[in-house]
Amino acid sequence: MNELTLSSDLNQIELEINYHKQIAGQSIWEIGRRLNHVKENDLVHGEFKNWLDDIGVSYPEANRMMKVANNLSNVSTLKDLGSTTLYLIATLPEDQKQKEIAKAEQGDPSTVRELQELKRQNKLQSEQLKQKDETIEQLTNREPEVREIEIEKIPDDYHSLKGNFEATKKNYEYYKQQNNELRDEIKQLEESYRGLLQKRSEVDEKSVKYEQLSQAINQAEGRLNATQKLVSDYKHLSDLLKKSNEFLAQAGSLVYMDLSEVISRDNLAKQELNFLIERLDKFLSDLSSINKNTIIEGEIIND
């Protein structure tokens, strides 16, 4: 097959290059528009994929061109862009899409790599927010396990202990309410955070406004993380109180049994009991430290 001889006239070559550059971008939109028309009007009677095979267009390629036609209405101003760039711009959120269109119209389009990185950041940010929402959902929706313990002998302070246990059950409802309120606050903070990100995407990266919005985003992210930690802390405190009261309810009756003979006869049993007492003393000391706002294992615990 003989190839056409190229002209040596530079002006003619430039005209041909510009023509093919225009066709590269414009034809994608035109083809996509016609593919949408065929599919939307069912002109091939449910055989769209087979029809694509007949005309030599793969389904992924057709899907890309159709999205470009649907999402980019003014493609004539983007005629110098390649198909991958057009598709990446067409599938961006509206605010980012308009920003990229404006950059291309001003002669400074983003590269394919830059657009791919932008989409990667969008996906990562969306996954992080989704993960935080799921974590909050798990922390706030778990119900406490409440069990009644039967004991052979009722100790003198049994009713006091039972009263404390019942009070803890009521306190759980309070913690649950606090979690719900904090969860609502987190949703508001997330909306504010997304709003700031959107505003920042609409301004020049070198402008003072961009720097101000970046600072506001950092502050919003700090508040969001702090509130999420508070939700987690409420859950941990609720678990601590619940499990501690369960232990007291189960082990409390054993304290009133006469174990002196066993302790006097079995040195190992005595050592185990002393070790338990030491651990309980340490546990109670750490609990007191929480109330006093002291440092436990390198972390400051605030009330």
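Each reported figure results from applying straightforward, stated rules to the coordinates on display, with no laboratory input. Bear in mind that the values here come from a model prediction, so they are computed numbers and not experimental data. Methodologically, a virtual Cβ is constructed for each residue, glycine included, from the backbone with ideal geometry; neighbour enumeration extends over all protein chains shown.
Numerical summary
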{"quantity": "Peptide ranges 82-91, 264-273 listed from the most packed, as the mean C-beta count within 10 angstrom indicates", "calculated": "82-91, 264-273"}
{"quantity": "Out-of-range pairs (alpha-carbon distance over 24 Å; input LYS67/LYS103; LYS67/LYS119; LYS242/LYS270; LYS119/LYS206; LYS99/LYS209)", "calculated": "LYS242/LYS270"}
{"quantity": "Ranked list, fewest to most other Cβ atoms within 10 Å of each Cβ, for ASP108, ASP286", "calculated": "ASP108, ASP286"}
{"quantity": "For the range 46-57, Karplus couplings with θ = phi - 60° (6.51, -1.76, 1.60), whole Hz, Gly/Pro x", "calculated": "x, 10, 4, 5, 5, 5, 4, 4, 5, 9, x, 10"}
